[in-house]
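So the structure is just underneath, and the comments pick up after that.
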Ligand SMILES: Cc1cc2nc3c(=O)[nH]c(=O)nc-3n(C[C@H](O)[C@H](O)[C@H](O)COP(=O)(O)OP(=O)(O)OC[C@H]3O[C@@H](n4cnc5c(N)ncnc54)[C@H](O)[C@@H]3O)c2cc1C
């Protein structure tokens, strides 16, 4: 079957942290684009001829219950062709071509497990979609702990959204871990310290969802699987790429 491509118009593009933008794509009203929270789309960007350069995937940041628009959250990577285009060049009114949705990094409603979400930087994006979707549908009957790591306060993403879920649902826990902030009373260091301590006692009813770049994911898999002794099928991850 031929790939179906869609076109969305950029209706807003805002810095939500230094080098990180939230981009809203509005879809034509006749387009019925359905996705499951946690999935991603692939953009065909005007950044050269090679498919490898042009086709870049981005997790969808908003909930599927939001009608006719998609949000993407993109961090500019030094010398990165696609992310530099999206953060520095793209304007309101521009059109983006994309295909999808794709991906199996989703959380079914009937998942009986306690969920530990571990991410750094834009790795938080699919979790934002999943959690906003649960919030919109009042579906917080399982224990979920989001552990988000970044360097300093200015790089914290979607904090208000997660704080408001935490205030409403006692089953949801949220920990921000900062690695390079001196003025911070919360957790310091890396995401790994938090789950290694809190989830050191193994149980079968627990799943770890990891999202981000290879450095963090590789380390987390080693920690959870080899050091803490959880089974391999208790670890589910979405890999953004290799930054080792
Ligand atoms: C399923 C999926 C979902 C994704 N979702 C998102 C998302 O929601 N938001 C987002 O910003 N990105 C996301 N990405 C990553 C995105 O697809 C691009 O790879 C990213 O934007 C870089 O593309 P680029 O063209 O700018 O860089 P390229 O020109 O492709 O260069 C990127 C390369 O730079 C290297 N690199 C150097 N420094 C770093 C660093 N600090 N971090 C990472 N890589 C580094 C890596 O080797 C990487 O391969 C996702 C990737 C996948 C596969």
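No lab work stands behind these numbers, since they all come straight from the coordinates. Because the structure is a prediction, the values reported are computed rather than measured. Note that each Cβ is placed from the backbone with ideal geometry, even for glycine, and that neighbours are counted across all protein chains shown.
Miscellaneous remarks
- Report note on the peptides 190-197, 106-113: ranked by the mean count of other C-beta atoms within 10 Å, highest first, their order is 190-197, 106-113.
- Cα-based radius of gyration of the stretch 56-173 once divided by 2.2 N^0.38 Å, which approximates compact folds: 1.14
- Per-peptide packing, taken as the mean over residues of other Cβ atoms within 10 Å, places 154-161, 198-205 in the sequence 154-161, 198-205 from highest down.
- Compactness of the stretch 1-80, taken as the C-alpha radius of gyration over 2.2 N^0.38 Å, stands at 1.14.
- Between the stretch 14-59 and the stretch 133-192, the alpha-carbon center distance in angstrom: 24 Å
- FRET efficiency for the residue 242 to residue 188 pair, using the beta carbon distance and R₀ = 30 Å, is estimated at 0.65.
- The modelled label-to-label distance for the pair residue 65/residue 140, using points 7 Å beyond Cα in the direction of Cβ, is 1.3 nm.
- Each helix, a run of at least 4 DSSP H residues, gives -39500 (n - 2.57); summed and divided by the residues of the chain, these come to -5000 deg cm²/dmol at 222 nm.
- Degrees, to the nearest 10: 159-168 long Cα axis against longest axis of the chain: 50 degrees
- Modelled spin labels at residue 226 and residue 109, positioned 7 Å past Cα toward Cβ, are 4.1 nm from each other.
- Gain in span if fully extended, residue 30 to residue 53, counting 0.36 nm per residue against the direct Cα distance: 5.3 nm
- Whether the stretch 100-233 is rounded, prolate or oblate, judged on the alpha carbon gyration tensor where a/c under 1.5 counts as rounded: rounded
- Relative intensity of the stretch 162-223 on a log10 scale, I(q)/I(0) at q = 0.15, 0.23 Å⁻¹, equals -0.60, -1.22, per a Debye sum over C-alpha point scatterers of equal strength in the absence of solvent.
- Applying 1/(1 + (r/R0)^6) with R0 = 35 Å to the Cβ-Cβ distance of residue 202 and residue 77 gives a FRET efficiency near 0.45.
- Note that the chain carries a Kirkwood radius of 18.7 Å, evaluated over its alpha carbons pair by pair.
- Degrees, to the nearest 10: 125-136 long Cα axis against longest axis of the chain: 80 degrees
- Packing rank of 40-46, 78-84, 235-241, where each peptide gets the mean count of other beta carbons within 10 Å, highest leading: 40-46, 235-241, 78-84
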